[in-house]
Amino acid sequence: MFDNLTERLTLSLKKIRGQGRLTEANIQDTLREVRMALLEADVALPVVRDFIEHVKDRALGQDVQSSLSPGQSFIKIVNEELIAVMGNAHEKINLATQPPAVILMAGLQGAGKTTTVAKLAKWLKDNERRSVVVASADIYRPAAIEQLKTLAAEVGADFFPSDTSQTPVEIAKGALEHARKRYKDVVIIDTAGRLHIDEAMMAEIKELHAELKPIETLFVVDAMTGQDAANTAKAFGDALPLTGVILTKTDGDARGGAALSVRHITGKPIKFLGVGEKTAALERFHPDRIASRILGMGDLLSLIEDAERTMDKAKAEKLVKKIQKGKSFNLSDYYDQLLQLKSMGGLTAMMSKLPGIGNVPQHVKEKLNDNEWQQQIVIIDSMTKKERLSPDIINTSRKQRIAQGSGTDIQDINKMLKQFEQMQKMMKKLKKGNLMNMMRGAKGNMLGGMPFRGG
């Protein structure tokens, strides 16, 4: 997400970063470019207008004019105003009620609501240590009920069965009673979606809300619809007391207009981002981290949290001890690292959180794709145990067999082995490092009080 916006803003702000003195003229020129960047990112016009006015007022103020580095101060203002637009601070999901806490999920058809129910159940189970019951009140789509049943089994949530002969209220009341009897912490109710907001849909969900009195009513909306996502959320919020928004499909949204428009237009906080198809692909929404990502300064804290949540700590520690003892880093170790990278969402997901990504040319980013890492996993899968442990024995005939088994060619095998050798050399230099340890060190530095940096 934000690829296009990050690239445009990085170029716009680069010109002003090194300025020794800010004038109304160069501020106006920069803000004109920032305005165009935001509009092209499909940010709602009222949001853009207010944002530009706030930045301009502060940039022409005494604090910036008297600063030793006014260009950096200007970027700091842009960062702070981006954070303000998106809500200043992360708003946690509210579970402060007599169990079971009820979460009602609303949204249009196609927004990924049912998948998000399962993602949220998994997130609550993994991060909040809560037991969760999920139920589908979508009586118009039997496939949606079956889909939720399958997903519930995958994430370890308790599925309350329902069918199309019941009313949504009957299903919801049954799920709540089921959760009470089994002393569950949370009940998540999936509701029917429509292709557009209509009276029947709103009447049905209002009745559900009145019956359940949920502590959280979350609107699930597709980020790829841009500012329309914010307008749809507002229309829904006018009819129903929403407590927050979940933006889905943000991994496919290169613009980011929805994330910058929702809070301003609806007054409701974005609580989560759906960042992929897998059930673990749900992130808390932190305005400060997202602002940093938009400005090309990365989001190392989220990257570190991803690593700590998804990486196999036992394997990581085992590798550290192995390297410390001077043992060689082999293809089995490399394979484990590739799988851990995959569990974090792949290279593309990681890249968006790395500092300075906005300065990387687009043609370079395109070369760094997840297909290559997937291919390397398949190649190593086609090797024998002996070849993984002793890569030096892989000669031409072995390469031919591996290429045939993995559906690749010898050139691909050679490329993979070259990258492995580079990783092997890096591990020798580190002596005690893998991705987990390097990130722990980075986290320590950041939490120690890293100052704001403009680039």
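The values are calculated or read from the model by the stated rules, or taken from the named source; none is laboratory data. Nothing here was measured: the structure is a model prediction, and the numbers come from that model. We place every Cβ from the backbone using ideal geometry, glycine too, and count neighbours over all the protein chains shown. Note: areas computed on protein heavy atoms with side chains; ligands, DNA, RNA excluded. Shrake-Rupley method; radii C 1.70, N 1.55, O 1.52, S 1.80 Å.
Table for the structure above
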{"read-out": "Square roots of five times the Cα gyration tensor eigenvalues for region 93-228, Å", "value": "21, 17, 15"}
{"read-out": "Sequence-distant residues sharing a close amide H with PHE159 (under 5 Å, placed H)", "value": "VAL134"}
{"read-out": "Residue-wise HN-Hα coupling along region 381-393, computed from phi with Karplus coefficients 6.51, -1.76, 1.60 (Hz; x: Gly, Pro)", "value": "4, 8, 9, 7, 4, 5, 5, 5, 7, 9, x, 4, 7"}
{"read-out": "Environment charge of HIS178, counting only residues whose C-beta is closer than 10 Å and scoring Lys/Arg +1, Asp/Glu -1", "value": "+3"}
{"read-out": "Long pairs among LYS173/LYS234; LYS113/LYS271; LYS173/LYS268; LYS125/LYS206; LYS113/LYS149; LYS14/LYS249, criterion Cα-Cα beyond 25 Å", "value": "LYS173/LYS234; LYS173/LYS268; LYS125/LYS206; LYS14/LYS249"}
{"read-out": "Solvent-accessible surface (1.4 angstrom probe) belonging to LEU95, in square angstrom, nearest 10", "value": "20"}
{"read-out": "Low-density loop positions, GluC sites (Glu not before Pro), region 121-203 - DSSP coil, at most 15 other Cβ in 10 Å", "value": "GLU128"}
{"read-out": "Amide proton proximity set for ILE270, modelled H, under 5 Å, gap of 5+", "value": "VAL245"}
{"read-out": "Net charge over other residues, Cβ less than 9 angstrom from the Cβ of ALA144 (K, R count +1; D, E count -1)", "value": "-1"}
{"read-out": "Spatial separation of Cα centroids for region 127-154 and region 211-278, in angstrom", "value": "20"}
{"read-out": "For SER131, distant residues with modelled amide H under 5 Å away", "value": "ASP185, VAL186"}
{"read-out": "Integer Hz, Karplus 6.51/-1.76/1.60 couplings in order for region 258-268, x for Gly and Pro", "value": "5, 4, 8, 9, 4, 4, 5, 7, 9, x, 9"}
